[in-house]
Amino acid sequence: MFKHTIVRTPCSKICDGITSAPELGQPIYEKALEQHAKYIEALKSTGVDVLVLPALEEYPDSCFVEDVAVLSEKCAIITNPGAGTRNGETEYIVDAIKKFYSDDQIGYIKNPGTLEGGDVMKVGDTFYVGVSARTNEEGIKQFADFFGSYGYTVKAVPLTEVLHLKTGVNYIENNKMLVSGEFIDKPDFASYEKIIVPEEEAYGTNCIWMNGTVIVPEGYDAVKKAVEDAGYPVILVDTSEFRKIDGGLSCLSLRF
Ligand code: CIR
């Protein structure tokens, strides 16, 4: 069960966030703020507290706070984002993490290692980490050394088609995961019960399990139905403005 979450308010420069889909247009700041407020309400309704960090105007992508840290029951790590324009975001998360973890429980990914939290998926005591354009083998090695020292298992999963691991696979507990694209047949996930997301709704793969409820992005009806059919209550949150810069539901929070 999660007790805490951390989010960061979108900044007015969000329209300059990194995107692989410029055809979707730029995010509208005011609308992003409204959607973010509803996201916070959805998190709170699942019984967690929400620490809201202030906007960082110099970092257009900084509302995607998931990428700058990875948190667990026993320890936390501050990442080293592979995206150059995002790398400096990490120093602004440290104080928030120190509210919940002591100094010796906090590790740091260092150059030449890179790692972004969007590439990290926790399944019980195992962390799957995507080897991506943002997360490299050295980053995963450092991550595995640190989390391994706390008894966690770390498994690297190469990916080629999407930005982050959790763009295409998300664990929703009870041995179930949502998968799309290249993750449908990945041997790494062979033992899980898979909810296969159709290609036209691939963005909707990025759902988050929150204490028995699954938050699903609004507008992905096949995903919503599949998650409901799997037995979960669903909360819908519109993330249209974040999608324009490749951001989804998981990217917008740290959950622990
Ligand atoms: C980026 O390219 O870094 C942002 N525009 C989107 C980050 C999405 N984060 C995530 O999937 N965890």
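Residues in the stretch 187-216 that are more than 20 Å from K38 (Cβ to Cβ), of a type in the set (A, V, I, L, M, F, W, C) and open to solvent by less than 30 Å² (accessible area, probe 1.4 Å): F189, I195, V197, A202.
Residues that are away from the ligand (no atom under 12 Å from the Cβ) and within 17 Å of the chain's Cα centre (by Cα) within the stretch 9-34 comprise just one, T9. Each residue in the stretch 38-82 was checked for being open to solvent by 50 Å² or more (accessible area, probe 1.4 Å) and not polar (S, T, N, Q), and 11 pass.
Checking each residue in the stretch 147-163 for being open to solvent by less than 40 Å² (accessible area, probe 1.4 Å) and within 16 Å of the ligand (Cβ to nearest atom) picks out V157, L159.
Rundown of residues vs (1) closer than 20 Å to E41 by Cβ; (2) modelled with pLDDT under 95; (3) more than 16 Å from the ligand (Cβ to nearest atom), yes/no style:
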residue: D145; (1), (2), (3): no, no, yes
residue: L165; (1), (2), (3): no, no, no
residue: Y171; (1), (2), (3): no, no, no
residue: K186; (1), (2), (3): no, no, yes
residue: S191; (1), (2), (3): no, no, yes
residue: I215; (1), (2), (3): yes, no, no
residue: R243; (1), (2), (3): yes, no, no
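Which residues, counting only those in the stretch 148-175, are among the aromatic types (F, W, Y) and under 30 Å from G231 (Cβ atoms)? Full working, then the answer.
Let us first name the residues in the stretch 148-175 that are among the aromatic types (F, W, Y), namely 150, 152, 171.
Listed by number, the residues that qualify are Y152, Y171.
Scanning the stretch 83-114 for residues that are among the hydrophobic types (A, V, I, L, M, F, W, C) and open to solvent by 20 Å² or more (accessible area, probe 1.4 Å) yields V94, F100. With a requirement of 1 or more residues that are over 27 Å from E137 (Cα atoms), the strands (runs of 3 or more DSSP E) lying completely within the stretch 1-97 that satisfy it span 4-8, 49-53. Restricted to the stretch 103-115, and to residues there that are assigned to a loop (DSSP other than H, G, I, E, B) and either under 18 Å from G148 (Cα atoms) or modelled with pLDDT under 95 (or both), the residue that is nearest to the ligand (Cβ to nearest atom) is T114.
Within the stretch 100-114, does at least one residue satisfy the condition of being under 16 Å from the mean Cα position of the chain (by Cα) and not polar (S, T, N, Q)? No; the residues of the stretch 100-114 include none that is under 16 Å from the mean Cα position of the chain (by Cα) and not polar (S, T, N, Q). A133 meets the stated requirement of being surrounded by fewer than 18 Cβ atoms within 10 Å (Cβ to Cβ), within 12 Å of the ligand (Cβ to nearest atom) and either on the phi > 0 side of the Ramachandran plot or aliphatic (A, V, I, L, M) (or both).
Taking strands (runs of 3 or more DSSP E) as the structural unit, those lying wholly within the stretch 143-256 and holding at least 1 residues that are over 16 Å from the mean Cα position of the chain (by Cα) correspond to 153-158, 176-179, 193-196, 213-217, 234-237. Would you point out the residue of the stretch 217-241, among those that are closer than 19 Å to E30 by Cα and away from the ligand (no atom under 16 Å from the Cβ), that is least open to solvent (accessible area, probe 1.4 Å)? Restricting to residues being closer than 19 Å to E30 by Cα and away from the ligand (no atom under 16 Å from the Cβ), the top hit is D238.
The values are calculated or read from the model by the stated rules, or taken from the named source; none is laboratory data. Small disclaimer: the values here were computed from a predicted structure and weren't measured. When we count neighbours, we look across all protein chains shown, and the Cβ atoms used for this are built from the backbone with ideal geometry, even at glycine. When the accessible area is computed, the model is the full protein with side chains, heavy atoms only, and any ligands, DNA or RNA have been set aside. Shrake-Rupley method; radii C 1.70, N 1.55, O 1.52, S 1.80 Å.
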